Amino acid sequence: MENKFKDVLKEIRLEKNVSQVKLAEAIGVSKGIISMWETGQREPTLSSLVSLADYFGVSLDYLVGREQ
């Protein structure tokens, strides 16, 4: 299965004009973690996915690339 999460995260973050630092502070992780998620080096925990979906106001399905 292709990892679409990293692409969706970066795309939505840039669309909303949110820096990696601001996003990291908002959901309680380090800027380095955001960077690793966006490059596909690491995957978020379920609780982090929920925090990201809540922050951006999108569904979990959308965030992981399961719906357009």
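The values are calculated or read from the model by the stated rules, or taken from the named source; none is laboratory data. The shown structure was predicted, so the numbers you read here are calculated from the model rather than taken from an experiment. All Cβ positions, glycine included, derive from the backbone under ideal geometry; neighbour counts span all protein chains shown. Heavy atoms of the whole protein, side chains included, go into the accessibility calculation; ligands, DNA and RNA do not. Shrake-Rupley method; radii C 1.70, N 1.55, O 1.52, S 1.80 Å.
The figures follow:
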quantity	calculated
With at most 11 other Cβ atoms within 10 Å, longest stretch of the chain clear of loop GluC sites (Glu not before Pro) (DSSP)	3-66
Per residue, in Å², the accessible surface of the chain once ligands and nucleic acids are set aside, probe 1.4 Å	64
Solvent-accessible area, 1.4 Å probe, carbon plus sulfur percent, for the chain	47
Mean separation of Cα contacts under 8 Å, 6 or more apart, over the residue count of the chain: relative contact order %	36
Trypsin sites (Lys or Arg not before Pro) lying in DSSP loop within the chain, provided at most 15 other Cβ fall within 10 Å	Lys4, Lys16, Arg42, Arg66
Ellipticity estimate at 222 nm from DSSP helix runs (n ≥ 4, -39,500 (n - 2.57)) divided over the chain, nearest 500	-17500 deg cm²/dmol
Isotropic mean projected area of the C-alpha convex hull, the chain (nm²)	4.1
